[in-house]
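Structure first, then comments.
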Amino acid sequence: QGTRDHPPAQAALRERLLSAVVSCFKRHGAAAIDTPALELRETLIGKYGEGTKLIYELQDQGGELLALRYDLTVPFARYLAMNKITNMKRYHVAKVYRRDNPATTRGRYREFYQCDFDIAGQFDPMIPDAECLKIVHEILSDLQLGDFVIKVNHRQILNGVFAICGVPESKFITACSTLDKLDKVPWEEVRSEMVGEKGLSPEAADRIGEYVQLHGGLELIERLLQDPKLSQNKLAKEGLGDVKLLFEYLTLFGITGKISFDLSLARGLDYYTGVIFEAVLLQQEKEHVEEPVSVGSVAGGGRYDGLVGMFDPKGRKVPCVGVSIGIERIFSILEQRLEASGEKLRTTETQVLVATPQKHLLAARLKLISELWGAGIKAEMLYKKDPKLLKQLQYCENTGIPLAAIVGEQELADGVVKLRDIATREEVRM
């Protein structure tokens, strides 16, 4: 349950999608790394908020309690700390594992790919953060998935809001986990969970409600900086200053049209410390509907300045900011589109089929195909001694092979090969 086999057409689509994402990461100067699918259990526990209960734990193996990785961020932080690296821009494409209730129609699985890009190091504020948002914008524009919005918030602003609304500090993280559900359920449900399950007072919940339903751009940031309560809170003031600077850089990148400063965005992971963001695809269901309908999150990330320090014996911190592209959900959307269009996707890259029109010419085919392979040309032939020419040409049409190299008795005598264009049926001797 919650896993899948990928037949050739899906694997080809996935490869095309991953290469588009990776080429963007490379364009921004990232190097690739890889880490094991297994981590020590203690490396993962306590880093994911309520997600911790979805970690796949494995039986004790030779005195080690292990678990399957839940994301690519915690392994990256562990890697930086273990190797004493203080400065790195990396990408990582690999499978992660979650003991979740699968919702395969929405692209939610127990085993799935993540594509992460992260910048680690001590830099001037908000410059790397702005680049992460630019990358999300580039990838979603490049893949032509339709309209999208990138929601941005800041952990310190959230903590400031909780503080002035009377939430005790010990409940910040659980309040965040609940607030994270606001994109899926209405405020009333979130409010009742905050009061009923998380033990917040109804007054605190109502005060939180006044803030978390706000979203906008620079003008909202300016307005909140003037807010009598928020502007008195040190955390919130710092966070608002960060977001204001971020918006200035995003304006220079020319992408603020797709960015929304959204106070409801929480991202339920424990390790975020600064800017957090999430990209959501919008679907115009009906012509006359004012508000576009959200299809769900297709990318997310944020700043996590404390995570590496958790793995360093001396607690040395390495500030980090990163983004994860939700490749499975994007893949589901592209797959549905391909099905709807009825377009056939080529599953191989074969350039030429080596064919023969008469019997007893297997040796000629084998010699020619060997030469083609040796020259780095992608070539195939049928595994029959004497296939009919029509059958060979039909195979090209069925699999999308553009050319056939035909060697008959006449061609052998003349020392040439007849090259046939499958689509136009034109032939040239060469």
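The values are calculated or read from the model by the stated rules, or taken from the named source; none is laboratory data. Quick caveat: nothing in here was measured; it's all calculated off a predicted structure. Neighbour counts run over all protein chains shown; Cβ positions are idealised from the backbone, glycine included. Keep in mind that these areas ignore ligands, DNA and RNA; they rest on the heavy atoms of the full protein, side chains included. Shrake-Rupley method; radii C 1.70, N 1.55, O 1.52, S 1.80 Å.
If only one of Leu281, Leu269 is more than 18 Å from Cys132 (Cβ to Cβ), surrounded by 20 or more Cβ atoms within 10 Å (Cβ to Cβ) and modelled with pLDDT under 95, which one is it?
Details: Leu269 fails: more than 18 Å from Cys132 (Cβ to Cβ).
Criteria check complete, one pass: Leu281.
Would it be correct to say that Pro128 is surrounded by 14 or more Cβ atoms within 10 Å (Cβ to Cβ) and either over 23 Å from Val275 (Cα atoms) or in contact with a His (Cβ under 8 Å, 6 or more places away or on another chain) (or both)? Against the criterion (surrounded by 14 or more Cβ atoms within 10 Å (Cβ to Cβ) and either over 23 Å from Val275 (Cα atoms) or in contact with a His (Cβ under 8 Å, 6 or more places away or on another chain) (or both)), Pro128 does not qualify. Pairs meeting the criteria (first residue in the range 38-57 and in contact (Cβ under 8 Å) with a residue 24 or more places away in the chain, second residue buried (at least 18 other Cβ atoms within 10 Å of the Cβ) and among the small types (Gly, Ala, Ser), beta carbons under 7 Å, at least 6 apart or on different chains) are Glu39/Ala67; Arg41/Ala67; Leu44/Ala67; Gly49/Ser177; Glu50/Ser177; Ile55/Ala67; Tyr56/Ala67. Here is a check on your reading of the model: is Lys344 open to solvent by 70 Å² or more (accessible area, probe 1.4 Å) and on the phi < 0 side of the Ramachandran plot? Spelling it out, Lys344 is indeed open to solvent by 70 Å² or more (accessible area, probe 1.4 Å) and on the phi < 0 side of the Ramachandran plot. Within the range 192-218, residues that are under 25 Å from Lys151 (Cβ atoms) have Cβ atoms under 7 Å from residues that are in a helix (DSSP H, G or I) and among the hydroxyl-bearing types (Ser, Thr, Tyr) in these pairs: Glu193/Thr178; Met194/Thr178; Lys198/Thr174; Lys198/Thr178; Gly217/Thr256, counting only partners at least 6 apart in sequence or on another chain.
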